[in-house]
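What follows is a short report on a single structure.
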Amino acid sequence: MKQLPGKAIIILLVIIGFNILFGIDGVALLDPDEPVYAETAKEMIRFNEYLSPRIYNEYWYDKPPIFYWLLVGSLKLFGGFSELAARLPASLMAIGAVLLTTFSAARQFNARAGFWSGLVMGTTVMIMYMGKASVTDTTLLFFMTGALLCFMHSKYWLMYLFCGFAVMTKGPIGVVFPGAIVFLYLLVTRDLGRLLRMHVIPGLLLVAAVGMPWYVFMYQNHGMDFIYEFIGFHNISRFAAPLHPNRVHWWFYLPVIILGLFPWTGVLLKSIKDAFTKSLGRESARLLFLQVWWIFVLVFFSIAKTKQVSYMLVLLPALSMIIGWNIERMTCDNGKLQSGWVFGTFIMYLLMGAGWIVGGRQLPEVATYGMALGAVTLVLGVLILLALKKYCNVETAAWLHVVTGLVTMVMAFGVMMPQLQDRFSVKTIAKTYVAAEKDASRVLYIDKFLRPGFMLYTDIPGIEADTNSEKSLDAVKQDNRPKYIVMREFMYNKMKDKMGGEEWELLENKAGICIYRSR
């Protein structure tokens, strides 16, 4: 059966909807990325200008406008800014990407494989976290997933349309990535002749018709500043030069995948291997495309100098479909010991259970909750091992993985993050600054990392203090005017001599985010 029954769709929607939507309004937007997008949307509304993005009341050229437009619509729908309004568009796009994956897997394999593919993707730590983040990545995930799955279904015109919207979400990567993955797959399968049936030239014209008008508008209105900043820095330079030098390691994404795919990581390697060794015919060809998909994403971003955890989101549909296919296959083997799954689950649940317990001790606010989550994770791991090893019941084991994902999400975002938000958001300090009695003659400097959030919650842009720039720090030092400075405590301690801040007075410290006053 290639179509999911209505009951299965409802169950899937309830589970993934709960996992992604729960708690999206319970935590302040986290610095620095989430506030950037919400503030840009606010300024589009404030200036009534929806094509040229602004932040701090000045034009900037970080991303194309589709995600900003989604945010604008949400802010207007909810009557202004709120955490719920800011996060809902990204959450809905994440749910949409899971549904695309589900229905595609059902048609490519069968209904049960589709159902499990959706449950796997919809309960991973990666989608749980990124689906609650007001950033562009889940919107890009939706369009890029749509493009690649349309190729699998030979829906080429729709594929190009999805690519056009991906270009309008994050830039040239929206067409380069699907194009490269499709070309490599056709090369590996020696089927390059298929390109002749894919309407490549008119298809690329369709991509350009969707994606190019905004770029032309921006160039006409902002000239080479747009080209240098958007194409030069945000696309070429990020590939060639590290944005975060401490992350330049070839293995950076391995722990990202291991943790991001939890609670399904234990069955990942077995599923990848089984997709090569235990698939036949057309099923084998479809699984090979998924293998090319995730391998290309991993290799490309491992080579790129700038590394971001969110970049791995794009490979999630491919790995989820491989795992979903394998779970369905293994349910037909109930009664047979799945030793690879047993070993992987033992390792991953032991590591995660111990990690929550040990990690919780480093954060006093959530130490008890960390120990509780660690204990529950270990118990669920034992139950999965019993289901697999003693009873050889694949479906029960898989449902226990779903339970693990939901429990992890509820504890992390329903209990722990609200206790920790002041470590990761400037919101409280921003509100403190606004409410405090201040000397109006003092200028305000704000740590670059905190500045988007400070602007979002106060509408005060301040002056940027970039703690990674010698020139910026020297400018702070040379400014002899009386100052207030909002900065992370550890960065102040690290850079105070370069800023001339040895004599600054600490006025407020909230979980390591501080307000200082020059003497």
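Restricted to region 251-279, and to residues there that are modelled with pLDDT under 95 and not in a helix (DSSP H, G or I), the residue that is surrounded by the fewest Cβ atoms within 10 Å (Cβ to Cβ) is W251. Of all residues in region 325-345, those that are under 11 Å from N393 (Cα atoms) have Cβ atoms under 6 Å from Cβ atoms of residues that are of a type in the set (D, E, K, R) and at pLDDT below 95, 6 or more apart or on another chain, in T331/E395.
When every residue of region 330-337 is checked against the conditions, at least one turns out to be of a type outside the set (F, W, Y), within 16 Å of S117 (Cα to Cα) and surrounded by 20 or more Cβ atoms within 10 Å (Cβ to Cβ).
Kindly check whether there is at least one residue in region 357-373 that is crowded, with 20+ Cβ neighbours inside 10 Å and closer than 26 Å to A106 by Cα. No: zero hits. Among the residues of region 452-473, are any under 15 Å from S518 (Cβ atoms) and either more than 30 Å from the chain's Cα centre (by Cα) or of a type in the set (D, E, K, R) (or both)? Checked against the condition, which is being under 15 Å from S518 (Cβ atoms) and either more than 30 Å from the chain's Cα centre (by Cα) or of a type in the set (D, E, K, R) (or both), region 452-473 yields at least one hit. Which residue is farthest from G122 (Cα to Cα), if the candidates are limited to region 356-410 and must be charged (D, E, K, R) and in contact (Cβ under 8 Å) with a residue 40 or more places away in the chain? Among those that are charged (D, E, K, R) and in contact (Cβ under 8 Å) with a residue 40 or more places away in the chain, it is E365.
Condition check for L4 on (1) surrounded by fewer than 20 Cβ atoms within 10 Å (Cβ to Cβ); (2) at pLDDT below 95: one failure, at (1). Could you tell me which residue of region 280-299 is surrounded by the most Cβ atoms within 10 Å (Cβ to Cβ), considering only residues that are free of Cβ contacts under 8 Å to residues at least 12 places away in the same chain and either under 17 Å from the mean Cα position of the chain (by Cα) or more than 18 Å from T145 (Cβ to Cβ) (or both)? Within region 280-299, the match that is surrounded by the most Cβ atoms within 10 Å (Cβ to Cβ) is S284. Taking the conditions exactly as written (over 26 Å from the mean Cα position of the chain (by Cα), under 28 Å from V358 (Cβ atoms), part of a helix (DSSP H, G or I) and at pLDDT below 95), does L420 satisfy them or not? So L420 fails the test.
Residues checked against (1) crowded, with 18+ Cβ neighbours inside 10 Å; (2) in a helix (DSSP H, G or I):
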{"residue": "V376", "(1), (2)": "no, yes"}
{"residue": "I384", "(1), (2)": "yes, yes"}
{"residue": "T404", "(1), (2)": "yes, yes"}
{"residue": "Y445", "(1), (2)": "yes, no"}
{"residue": "P452", "(1), (2)": "yes, yes"}
{"residue": "N468", "(1), (2)": "no, no"}
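Within the set K390, K431, K438, K427, the sole residue that is farther than 16 Å from G266 by Cα, modelled with pLDDT of 90 or more, surrounded by fewer than 19 Cβ atoms within 10 Å (Cβ to Cβ) and charged (D, E, K, R) turns out to be K431.
For Y492, the conditions (1) within 30 Å of the chain's Cα centre (by Cα); (2) of a type outside the set (V, I, T); (3) loosely packed, with under 15 Cβ neighbours inside 10 Å are fulfilled apart from (3).
The values are calculated or read from the model by the stated rules, or taken from the named source; none is laboratory data. Small disclaimer: the values here were computed from a predicted structure and weren't measured. Methodologically, a virtual Cβ is constructed for each residue, glycine included, from the backbone with ideal geometry; neighbour enumeration extends over all protein chains shown.
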